[in-house]
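Engineer: Dumping the structure here so I can ask a few things about it.
The numbers here are math on the coordinates, done by the rules we state, and not lab data. Predicted, not measured: the structure shown is a model, and the values here were computed from it. Cβ placement follows ideal geometry from the backbone for every residue including glycine, while neighbour counts extend to all protein chains displayed.
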2 protein chains.
Amino acid sequence: MNDRLLRALRREPVDRTPVWFMRQAGRYLSEYRELRGDRDILEAVREPEVAVELTLQPLRRMPLDAAVVFADIMVPIDAVGIGVRIEPGVGPVVDDPIRDAAGVARLRPLEPETDEPHALEAIRLLRKELSVPLIGFAGGPFTLASYLVEGGPSRDHARTKAMMLEDPGAWASLMDALAGIARAHLLAQAEAGAKVVQLFDSWAGALSPEDYEASVLPWSRRVLEDLPVPSIHFGVGTGELLGPMAGAGSNAIGVDWRVPLDRAWERIGHDRAIQGNLDPAVCTASWSAVERAATRVLERAGARAGHVFNLGHGVLPNTPVENLQRLVDLVHERTARADG
Amino acid sequence: MNDRLLRALRREPVDRTPVWFMRQAGRYLSEYRELRGDRDILEAVREPEVAVELTLQPLRRMPLDAAVVFADIMVPIDAVGIGVRIEPGVGPVVDDPIRDAAGVARLRPLEPETDEPHALEAIRLLRKELSVPLIGFAGGPFTLASYLVEGGPSRDHARTKAMMLEDPGAWASLMDALAGIARAHLLAQAEAGAKVVQLFDSWAGALSPEDYEASVLPWSRRVLEDLPVPSIHFGVGTGELLGPMAGAGSNAIGVDWRVPLDRAWERIGHDRAIQGNLDPAVCTASWSAVERAATRVLERAGARAGHVFNLGHGVLPNTPVENLQRLVDLVHERTARADG
C-alpha cells in the first residue's frame, strides 16, 4: 500500500512528495468522456460500477498517490430530496432555491446508508481495487449554501450573503443542516473505506475574513472535528482565510495558486500539512511552462515534511493528459529522498 | 469645487472621507435603465449627451465626492477597430479573438481625438457641469488581454495564461499594444478634463504573484508612470498582488473586500492612498447589515489620511438606491473632522 499521502498528512517523512489532482477523474481523459457520455453526474454516481471505473481511469494513466472517488458535492443534497441537476458547462442547478427558514426545513438529516447507498457501494468496491488511499469528499457549508440559496453558480453570491447578514437565525439553521449533512457524508465514506476526506468549501474565498469567521468557520469546525481519518480543507481565493481555516481543525489546508506555498504555510502554521498549488490553467500550456511553474511550487514548499502536491483547483477539461503524466513524474523525481 | 478626493489621493487631511462607487452610473438606478434602454454600452458612449446624463444621474441622488464618466474599458479597443460587443448579462464579447503575433498586429495605436471623439466630448461637456472631480478610466493590460484572447469573460483565463507562458514574445507585443492604448486613453481623458484616472485591471487577481510581476506589472507601470493627474490602480482578489501593484506607481490602490484595509495598507505601504472596500453584495442586504459592514471598513481604515471610501467592486444591479444614499451620508457623518 502506497501510504505517501497518509504520511504527508501526518507530516511524517516520505520517500517522495505525494501527488494527486482535484478532478483527476474528468473530461480531460478521452476514456472518461466515452464512458460518461451524456449521463448526468448524479446519474453516473447512482451506478457504482461506472463510478468505480471513472475513479480508476486516471490511475491507469499515471502513478498518482491517491484516488478520489468519482462523485459530486451535490450528491448528499440530492440524496435528502432537494431537486438538483448538474448542467454541463454550468454546474449545479437547484430549481427550488432555499431562501428562508421554511426552505431550510426542507433539508432533512442525511441517512447515508439509506439515502446514498450507491455512492457508498462505489467506495466499498474501490477499496478492493486500490493500492493507493481513496479520498472521499463533501462540499463545505458556505459552498453548499450558495448553490442552494442562489439556485446555481453565482459570481457574487449576493443572495447568500444577504441571507447570512439579514437573517442570522435562518442562516444558522441552514449551516446546522449543511454541516450535519457534510459530516454524515464524510463519516459514511470513511466507514465505507475512504482513507482521507477533503472538505471542498470552494467559494468561501468570496467572503471577507470577518464574515467567514462569524458565519461559516464554526460550522466547518463542526464538520471536521474528530474525524476518524485525516482531512484536507480546501477553498479558492482564500489568501486571507488561511489562518481561520486552519482553526477549523483539518490535518491539511488546500491552497490555490494565488498564495505562494511558503507564505501560505506561515499563515496556516507549520503544525499543519499543506496541499497545492499549481495553477490548473498553466497545465493547459506547453510542458516547458508547466515544468517551470511546478518547479517553483516545489521550491516554495521546501524540504519541510507535510506537502501534498496538487493543483490549486480542479483539472481543466482542455488539459493535455501528457502534461499531467509528466507532472506526476517530475514531482516524484524532484522530491526523491533516500531517507524517506 | 469639492476637492476631497484629490486631497485624499495626495494623503492630505480632509473634512470628510470622500466616497464614490465603482459603477455608480448603473442599472440599480431606474432612470439609468430608462435612459439606456436596450442601447449597447458602446453605442451609448457614442452619444455624448447620453453619456453625460448617465454620468450625472447618481450625483442627483446622493452627495458623491466624484463623478465617473459613463464608459466601458472596451471603448478604446473598439475605437482601434477590434470588433467588440457588450452583451447584457455576459460582458464584452470579441468575435475574432487575438491569440498570436498576427492577431496582436491588428491592434494599432490609439489616436484618441480621431478614434474616440465622442468619449472625449462627453468629458468636455461634463467638465462644465460638475462641482466634483471627474474620474476617467482605462482597462488594465491583463484584463484587456483576457477579453481579447478568450473572446469574452472567462472563469479561468486559461488561453490568456497559456499565451503568456508559451509565447513570451507575442505576449510582450500584446502588452506593449494594450499598455500604449490604455495610456493614450488615460492621457486624452485627463487632457479633456478628467481630474483623476483609474486603471481597472479587474482580473489581474487571477494570476500568481510571480506571473503578475513578470508578465503584467512592467506594463501597468508603463501606463501609470508620470501621469498628469492622480491615479488609482484597482483589481479584484489581489491580496497577494498589493505590494507589486503599489510598485506600478499609482497614487492609490483599490482593494476588494477580501483583505481588511489595515492589512491591505501594510502591504501597499503607507506612502500610498487606499480605496475601498465594502463588499457590493452586502449593499443588496438590509440597511442594518450595510451599516455594520461599512462601520467595520471605516474602523479598519482608521484615522490615517488617504482613505477613499468605495465598494470592493462595482455596484450590483439589484442594490437598493436608499442603501447607497444612506451609505454616503454615513461615511460623511462618521468621518467629519473639524480640522479638515
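Engineer: Over all pairs of distinct alpha carbons, what does the Kirkwood formula give as the hydrodynamic radius of the stretch A:282-338, in Å?
Structural biologist: Result for the stretch A:282-338 stands at 12.0 Å.
Engineer: Enumerate the amide H contacts of B:N310 below 5 Å, restricted to partners 5 or more residues apart or on another chain; note that Pro and chain-start residues carry no placed amide H.
Structural biologist: B:G276, B:N277, B:L278
Engineer: Of the DSSP beta bridges with both residues in the protein assembly as shown, give the percent that are antiparallel, rounding to the nearest 5.
Structural biologist: 15 percent
Engineer: Using only the Cα atoms of the protein assembly as shown, what are the Rg and Dmax in Å?
Structural biologist: Expressed in Å, the Cα Rg and Dmax of the protein assembly as shown come to 25.4, 78.
Engineer: Right, another one. When you take every Cα atom in the stretch B:246-291, what is the radius of gyration, and what is Dmax, the widest Cα pair distance, in Å?
Structural biologist: 12.6, 38
Engineer: Could you please point out the chain B residue with its Cβ nearest to the axis of the rotation taking chain B onto chain A, and the distance in whole angstrom?
Structural biologist: Looking at chain B's Cβ atoms against the axis toward A, the nearest is B:G239, 2.
Engineer: Can you give the translational diffusion coefficient of chain B in µm²/s, computed by Stokes-Einstein from the Kirkwood radius over Cα pairs at 37 °C and 0.692 mPa s?
Structural biologist: The estimated diffusion coefficient comes to 165 µm²/s.
Engineer: If we hang a label 7 Å off Cα along the beta carbon direction at B:E111, how far is it from the matching labels on the other copies, in nm, shortest first?
Structural biologist: 7.8
Engineer: Follow-up question, since we're still on this one. Angle between the Cα long axis of helix B:141-150 and the longest principal axis of chain B, 0 to 90 degrees, nearest 10?
Structural biologist: Result, in degrees: 50.
Engineer: Please enumerate, by chain and number, the lysines with C-alpha under 17 Å from the C-alpha of B:K128, excluding those fewer than 8 residues away in the same chain.
Structural biologist: B:K128 reaches B:K195.
Engineer: Separate question: Please give the helix B:48-61 orientation as an angle from the longest Cα principal axis of chain B, in degrees from 0 to 90, rounded to the nearest 10.
Structural biologist: 30 degrees
Engineer: Which number do you get for Rg(Cα) / (2.2 N^0.38 Å) in the stretch B:1-130?
Structural biologist: That works out to 1.22 for the stretch B:1-130.
Engineer: Between B:D15 and B:E47, what's the calculated FRET efficiency when r is the beta-carbon distance and R0 is 35 Å? Round to 0.05.
Structural biologist: 0.40
Engineer: In whole Hz, with x marking every Gly and Pro, tabulate ³J(HN,Hα) for the stretch A:122-138 from phi via Karplus 6.51 cos²θ - 1.76 cosθ + 1.60, θ = phi - 60°.
Structural biologist: These are the phi-based 3J(HN,Hα) values: 4, 5, 5, 5, 5, 3, 7, 8, 9, 10, 10, x, 9, 9, x, 7, 8 Hz.
Engineer: Running Debye on the stretch A:209-296 with equal point scatterers at the Cα sites and no solvent, what base-10 log of I(q)/I(0) appears at q = 0.16 Å⁻¹?
Structural biologist: Summing over Cα pairs of the stretch A:209-296 leads to -0.65.
Engineer: Here's a follow-up. In nm, what does the list of distances from B:G302 to its counterparts in the other copies look like, shortest first, when each label sits 7 Å along Cα to Cβ?
Structural biologist: 2.8
Engineer: Starting from the amide H of A:H233, placed 1.01 Å from N in the peptide plane, find each other amide H under 5 Å away whose residue is 5 or more places distant or on another chain.
Structural biologist: Sorted by chain and number, the residues that satisfy this are A:L199, A:A252, A:I253, A:G254.
Engineer: Quick check: the angle from helix A:168-192's long axis to the longest principal axis of chain A, C-alpha only, nearest 10 degrees?
Structural biologist: 50 degrees
Engineer: Place a +1 charge on the Cβ of each Lys and Arg in the protein assembly as shown and a -1 charge on the Cβ of each Asp and Glu, then give the dipole magnitude about the Cα centre in debye, rounded to the nearest 20.
Structural biologist: It comes to approximately 1220 debye.
Engineer: Ranking request for peptides B:297-308, A:241-252, A:82-93: highest mean number of other beta-carbon atoms within 10 Å first, then the rest in descending order.
Structural biologist: In decreasing order of mean packing, B:297-308, A:241-252, A:82-93 become A:241-252, B:297-308, A:82-93.
Engineer: Next question, about the same structure. Once you list every other residue whose beta carbon is under 15 Å from the beta carbon of A:D271, what net charge do they have if Lys and Arg are +1 and Asp and Glu are -1?
Structural biologist: Once all neighbours under 15 Å are counted, the net charge is +3.
Engineer: Then there is this: Measure out, as a whole number of angstrom, how far apart the alpha-carbon centroids of the stretch A:266-336 and the stretch B:98-118 sit.
Structural biologist: Cα centroid to Cα centroid, the span is 38 Å.
Engineer: Let me know the charge dipole size of chain B about its Cα centre in debye, to the nearest 20, where only the beta-carbon of Lys, Arg (+1) and Asp, Glu (-1) is charged.
Structural biologist: Approximately 960 debye in magnitude.
Engineer: Starting with the highest mean, order A:172-181, B:55-64 by the number of other Cβ atoms within 10 Å, averaged over the residues of each peptide.
Structural biologist: Highest to lowest by the protection proxy: A:172-181, B:55-64.
Engineer: Which percentage, to the nearest 5, of the DSSP beta bridges contained in the stretch B:25-277 is antiparallel?
Structural biologist: Approximately 20 percent, going by the DSSP bridge assignments.
Engineer: For B:279-287, what's the mean count of beta carbons from other chains sitting within 10 Å of each residue's beta carbon?
Structural biologist: 6
Engineer: A further question on this structure: Just counting partner chain Cβ atoms within 10 Å, what average do the residues of peptide B:203-212 show around their Cβ?
Structural biologist: Neighbouring Cβ atoms belonging to other protein chains average 4 per residue here.
Engineer: I've got another one for you. Defining the label point at 7 Å along Cα→Cβ, can you sort the distances from B:D271 to the same site in each other copy, shortest first, in nm?
Structural biologist: 3.9
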